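A.B. asks: Here it is: the structure, laid out below.
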Amino acid sequence: MTNYRGRFAPTPSGSLHFGSLFAAVVSYLEAKQHQGKWLVRIDDIDPPREQPGASDDILRTLEAHGLFCDESVVYQSQQSALYEYRLEQLFQQNCLFWCNCSRKDLAGQPVYPGTCRKYHHPREHCAIRVSINSEHDQYFDQFQGNQLSNPKRDCGDVILKRRDQH
């Protein structure tokens, strides 16, 4: 058994569509090819988009296609304590900042421009972002080979916790 862990993380906003089922099959087969585990995490943290019964329907669809997860299904909404713990660790490492920029404020920006990077202490009605400082990242993609990226330029400072606390 290797440490390989494949994951499929659908949002329960409706039935599993063909593209998502295809992604699940690919991730399942990849995990099994590496003698690893295949995990399912339901990304149920956007209540307005969730549909009643969609999580159960998704899981039934996966099982109907022979896709059984190797550990218990994880529901992201039930991981709040773990996420808060990890946020606290990043806060202690001075990696976080509080941002009150709206989507309208950031319209036309390809990545977050760093407007609020100076706010390293909690502020009300703000999203929490992680400072991305790395300009060089290299990884191997099975299909495209060696890849180089610049996370600071390509992704920018990403939101870890939204303003509405999800």
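The values are calculated or read from the model by the stated rules, or taken from the named source; none is laboratory data. Predicted model only: the values in this text are computed from it and were never measured. Cβ atoms come from the backbone with ideal geometry, glycine included; neighbour counts cover every protein chain shown.
A.B. asks: Being among the basic types (Lys, Arg) and part of a loop (DSSP other than H, G, I, E, B) is the filter here; which residues of the range 102-137 pass it?
C.D. replies: In the first step, residues of the range 102-137 are kept if they are among the basic types (Lys, Arg); the result is 103-104, 117-118, 123, 129.
Hits for the range 102-137 are Arg117, Lys118, Arg123.
A.B. asks: Tell me, yes or no, whether the range 48-64 has at least one residue that is surrounded by 16 or more Cβ atoms within 10 Å (Cβ to Cβ), more than 29 Å from Ala24 (Cα to Cα) and not hydrophobic (A, V, I, L, M, F, W, C).
C.D. replies: Restricting attention to the range 48-64, the residues satisfying the condition of being surrounded by 16 or more Cβ atoms within 10 Å (Cβ to Cβ) are 50, 54-55, 58-59, 61-62.
From the residues that got through so far, the ones that are more than 29 Å from Ala24 (Cα to Cα) too are none.
Checked the range 48-64: no residue is surrounded by 16 or more Cβ atoms within 10 Å (Cβ to Cβ), more than 29 Å from Ala24 (Cα to Cα) and not hydrophobic (A, V, I, L, M, F, W, C).
A.B. asks: Look at Val111 and say whether it is of a type outside the set (Asp, Glu), surrounded by 13 or more Cβ atoms within 10 Å (Cβ to Cβ) and not assigned by TED's automatic domain parsing to the domain that holds Asp154. Show your work before the answer.
C.D. replies: Details: of a type outside the set (Asp, Glu): yes; surrounded by 13 or more Cβ atoms within 10 Å (Cβ to Cβ): yes; not assigned by TED's automatic domain parsing to the domain that holds Asp154: no.
Considered against the rule, which asks whether it is of a type outside the set (Asp, Glu), surrounded by 13 or more Cβ atoms within 10 Å (Cβ to Cβ) and not assigned by TED's automatic domain parsing to the domain that holds Asp154, Val111 comes out as no.
A.B. asks: Can you report the number of residues in the range 133-158 which are more than 16 Å from the chain's Cα centre (by Cα) and either exposed (fewer than 10 other Cβ atoms within 10 Å of the Cβ) or closer than 15 Å to Leu96 by Cβ (or both)? Walk me through how you get there before you give the answer.
C.D. replies: Our first condition is that a residue be more than 16 Å from the chain's Cα centre (by Cα); within the range 133-158, this holds for 133-150, 152-154.
Within this subset, residues satisfying the condition of being either exposed (fewer than 10 other Cβ atoms within 10 Å of the Cβ) or closer than 15 Å to Leu96 by Cβ (or both) are 133, 136, 138-146, 148.
Residues that pass the stated criteria total 12.
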